[in-house]
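Input: a single structure, listed below in structure tokens.
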Amino acid sequence: MHADAVALLSGWTPTSPAAAEARDRTLDLLAAGPVVMTREHPAGHLTASALVLDATGTRVLLCLHGKIHRWVQLGGHCEAGDRTLAGAALREATEESGIAGLRVDPVPIDVDVHRVRCGGDSAHHDVRFAVLAPPDAVERVSAESSALGWFPPGELPQPLADATARLVGPALAALDRAAFEPPRPTG
């Protein structure tokens, strides 16, 4: 997955000045090798997250995070079985939403670097993707969140995690491109 991350971010056109700075910092981090894909790297590690859109693009799914008590997109740590960052974001979105049949746009919509207390004082270099829910999606709260909610893009809830609002425009642009990969077969 390290090679995927390097190739993906090296060829990615950032969606904002903040995303460009975070991408450059993340590419610098990736120079340390595959260890940055795991929590074992003390300076920081890559994570993958997803802003889930409903099938019409008129609502986004956010979770009220159980630890930080803010509304945030779905996502988390990369795992050994993940082959791509987009795949990690899709897995996290599926696990945290309980929605089957999600589709991911393989092009990131944002990169954000933020401090966390994950294994000490570290940084998450979060690569963010747009994910599309099927028309019949029914969400189910996971153990990692206090609540899930669908919100119109212009009416996001408070308190909202830093940099979550800036995902909406690029996610809607991804929906307009219709670049979402088909759902993976289950079973």
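For this structure, a couple of remarks:
- P(r) of the range 1-104 over all Cα-Cα pairs, binned every 10 Å from zero, in whole percent: 14, 41, 37, 7, 0
- ³J(HN,Hα), Karplus 6.51/-1.76/1.60, whole Hz, each residue of the range 143-154, x for Gly, Pro: 5, 7, 10, 8, 6, 10, x, 8, 9, x, x, x
- Given their separation in residues at 0.36 nm each and the Cα-Cα distance between them, residue 77 and residue 39 gain 12.9 nm when the chain is fully extended.
- Heavy-atom accessible surface of the chain: percent carbon and sulfur, 1.4 Å: 55 percent
- ³J(HN,Hα), Karplus 6.51/-1.76/1.60, whole Hz, each residue of the range 157-166, x for Gly, Pro: x, 10, x, 9, 5, 4, 6, 6, 4, 6
- When the alpha-carbon atoms of the range 69-123 are used, the pair Rg, Dmax equals 12.4, 36 angstrom.
- If the chain linking residue 13 and residue 158 were pulled fully straight, counting 0.36 nm for each residue of separation and taking away their Cα-Cα distance, it would gain 49.2 nm.
- The alpha carbon radius of gyration of the chain, expressed as a multiple of 2.2 N^0.38 Å, is 0.95.
- 0 to 90° range, to nearest 10: angle between helix 168-177 axis and the chain longest Cα axis: 80 degrees
- For residue 32 and residue 142, the FRET efficiency from 1/(1 + (r/R0)^6), where r spans their Cβ atoms and R0 equals 45 Å, is about 0.90.
- Summed over the residues of the chain and divided among them, the accessible surface reaches 47 Å² per residue at a probe radius of 1.4 Å.
- A simple spin-label model places the labels of residue 114 and residue 54 2.5 nm from each other, with each point 7 Å out along Cα-to-Cβ.
- Per-residue 3J(HN,Hα) values for the range 59-70, derived from phi via the Karplus relation 6.51 cos²θ - 1.76 cosθ + 1.60 with θ = phi - 60°, read 9, 10, 9, 10, 10, 8, 5, x, 9, 9, 6, 9 Hz in sequence order (x marks Gly and Pro).
- Our summary of shape: the Cα atoms of the range 6-55 have principal axis extents of 37, 22, 19 Å, ordered from largest down, in whole angstrom.
- Between the Cα long axis of helix 85-97 and the first principal axis of the chain there is an angle of about 40°, rounded to the nearest 10.
The values are calculated or read from the model by the stated rules, or taken from the named source; none is laboratory data. Remember, it's a predicted structure, so these values are computed and weren't measured experimentally. Glycine gets a Cβ as well: all are built from the backbone with ideal geometry, and neighbour counts include every protein chain shown. Accessible surface is based on the protein model in full, side chains and every heavy atom, while ligands, DNA and RNA are left aside. Shrake-Rupley method; radii C 1.70, N 1.55, O 1.52, S 1.80 Å.
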